[in-house]
Amino acid sequence: MKKFTLFFLFFSTFAVAQTHRFIYEYQFKADSTAEKPAKQNMALDINPEEVKFYNYQYVIVDSLNKTRGESSMMWDEETPAVFRKKNSDKNVAYIMMDNLFVMETDDKINWNLSKETKALGNYTLQKATAKFGGRNWTAWFNKEVNLSEGPYKFRGLPGLIFEITDDKNQHHFVLAKSYKLDKTFDTSAIVENFMGQKPIKINEKTYRKMKLESYDNPLRDFKKQFAENTNTENTFWVMGVQVKSADQFKDLTEMSQKRMLKDNNPIELDKAIRYPVLKK
């Protein structure tokens, strides 16, 4: 498989490289009942002192902004953005709700190494398993790539994780390619802030409380903006529906709540929010 043939070249010079970037294809089902998974490319940047994992589309947007002199922003709520210090199990997750938030967690993973191996191109991968986040995971790592890292919060094996999936195959990461950058890639404009807004630090208890409050009234801000609007030329759209009357918010609220109930299958299943079921 040609996409893996450059690893030895990269790692022979890794000591002087500022950033080594690994691109993983991430297939996932935000809705566990979905027939087909969604797909995104994710970047794992291993810098001299820290590790960053985030949606690669942010890199593309940042590049276009610099080329065109623009300041476009994006945020994909379905994919994670997780940073950590090198050789640390403490992760910092960036989360978008009504505002940008940051949450720190301690995520030590206890791996069970297997003697089972498989070939991937010119590489021999070794199997490891672990229970993490309410799921059973199988990882395939390579000792020749001497980095104890992997996608998302998965780290701590004696080599780079090339592939990892849960036993229900609802979240699957596989390494697609790798390259080095001449200097550390600056993510401050694409992850650590949104529209100039710095993240607000919260804990898991506060996060769950905010998610439940959002479920109770998911269109609160839209309702306020609609009620305060005095310009008849302004138009309001919610989930592809143009809002012309406040009476529409009842059905739109229910639509939003149904979507939140369905799209509640995170990587760490034990952290899924237990929303109250809608009354019929």
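Find, to one decimal place in angstroms, the Kirkwood hydrodynamic radius of the chain, where the mean of 1/r is taken over every pair of different Cα atoms and then inverted. Could the numbers behind the result be given before it?
Working: mean 1/r = 0.0480 Å⁻¹.
For the chain, inverting the mean 1/r across all distinct Cα pairs yields 20.8 Å.
Can you tell me which of 174-182, 144-152 comes out highest on packing, and rank the rest after it, using the mean Cβ neighbours within 10 Å? Could you put the intermediate results ahead of the total?
Numbers: 174-182: 16.0, 144-152: 20.3.
In descending order of packing, they fall as 144-152, 174-182.
Taking Cα atoms of the stretch 103-161, Rg/Rh with Kirkwood Rh, to two decimals? Walk me through the intermediate numbers first.
Numbers: Rg = 11.8 Å, Rh = 12.0 Å.
Ratio of gyration radius to Kirkwood radius for the stretch 103-161: 0.99.
Among G156, A38, P276, whose Cα projects farthest towards the positive end of the dipole of the chain, with charges put on the beta-carbon of Lys, Arg (+1) and Asp, Glu (-1)?
Comparing the listed Cα positions along the dipole, G156 ranks first.
Which log10 I(q)/I(0) values, to two decimals, does the stretch 18-112 give at q = 0.16, 0.20, 0.23 Å⁻¹ under the Debye formula with one point per Cα?
Per q value, in the given order, log10 I(q)/I(0) is -0.85, -1.22, -1.36.
With +1 assigned to the C-beta of every Lys and Arg and -1 to the C-beta of every Asp and Glu, and no other charges, what is the dipole magnitude of the chain about the Cα centre in debye, to the nearest 20?
Numbers: 44 positive and 37 negative charges, 123 e Å.
I would put it at about 600 debye.
I'd like the accessible area for K66: 1.4 Å probe, protein heavy atoms, all chains in place, Å² to the nearest 10.
Probe radius 1.4 Å; accessible area of K66 about 140 Å².
Evaluate 2.2 N^0.38 Å with N set to the residue count of the stretch 56-190, then give the Cα radius of gyration divided by it.
Values: Rg = 16.8 Å, N = 135, 2.2 N^0.38 = 14.2 Å.
Rounded to two decimals, the normalised Rg is 1.18.
Grab the DSSP H runs of the chain that are 4 residues or longer, score each as -39,500 (n - 2.57), total them, divide by all residues and round the 222 nm result to the nearest 500 deg cm²/dmol. Each step should come with its number before you reach the end.
Numbers: 5 runs with 54 residues, N = 280.
Dividing the helical sum by the residues of the chain leaves -6000 deg cm²/dmol.
So which trypsin sites (Lys or Arg not before Pro) in the stretch 94-158 end up in coil per DSSP with only 13 or fewer other C-beta atoms within 10 Å?
Working: sites: K108, K115, K118, K127, K131, R135, K143, K153, R155; in loops: K108, K143, K153, R155.
Passing sites in the stretch 94-158 are K108, K143.
Pop out the Kirkwood hydrodynamic radius of the stretch 137-233 from its pairwise C-alpha distances, inverse of mean 1/r, in Å to one decimal. It would help to have the intermediate numbers written out before the result.
Values: mean 1/r = 0.0547 Å⁻¹.
Mean inverse Cα-Cα distance, inverted, gives 18.3 Å.
If packing is taken as the mean number of other Cβ atoms within 10 Å per residue, what is the order of 75-83, 227-235, highest first? Write down the numbers at each step before the final one.
Details: 75-83: 17.8, 227-235: 7.7.
Packing order, densest peptide first, comes out as 75-83, 227-235.
Tell me the relative contact order for the chain as a rounded percent, counting alpha carbon contacts under 8 Å between residues six or more apart.
Details: 479 pairs, mean separation 56.2, N = 280.
Value for the chain: 20 percent.
Please state the shape class of the stretch 49-105: rounded when a/c is under 1.5, otherwise prolate if a/b exceeds b/c and oblate if not, all from the C-alpha gyration tensor. Walk me through the numbers on the way to the answer.
On the way: a/c = 2.75, a/b = 1.58, b/c = 1.74.
The shape class here is oblate.
More than 13 Å apart: what percent of Cα pairs in the stretch 160-202 qualify?
Within the stretch 160-202, distances greater than 13 Å cover 72 percent of Cα pairs.
On a C-alpha basis, how far is the centre of the stretch 258-280 from the centre of the stretch 137-214 in Å? Whole number, if you could?
When both Cα centres are located, 22 Å separates them.
The values are calculated or read from the model by the stated rules, or taken from the named source; none is laboratory data. Because the structure is a prediction, the values reported are computed rather than measured. Every residue, glycine as well, gets a Cβ built from its backbone with ideal geometry; the counts of neighbours run over all protein chains shown. With ligands, DNA and RNA removed, areas are computed over all heavy atoms of the protein, side chains included. Shrake-Rupley method; radii C 1.70, N 1.55, O 1.52, S 1.80 Å.
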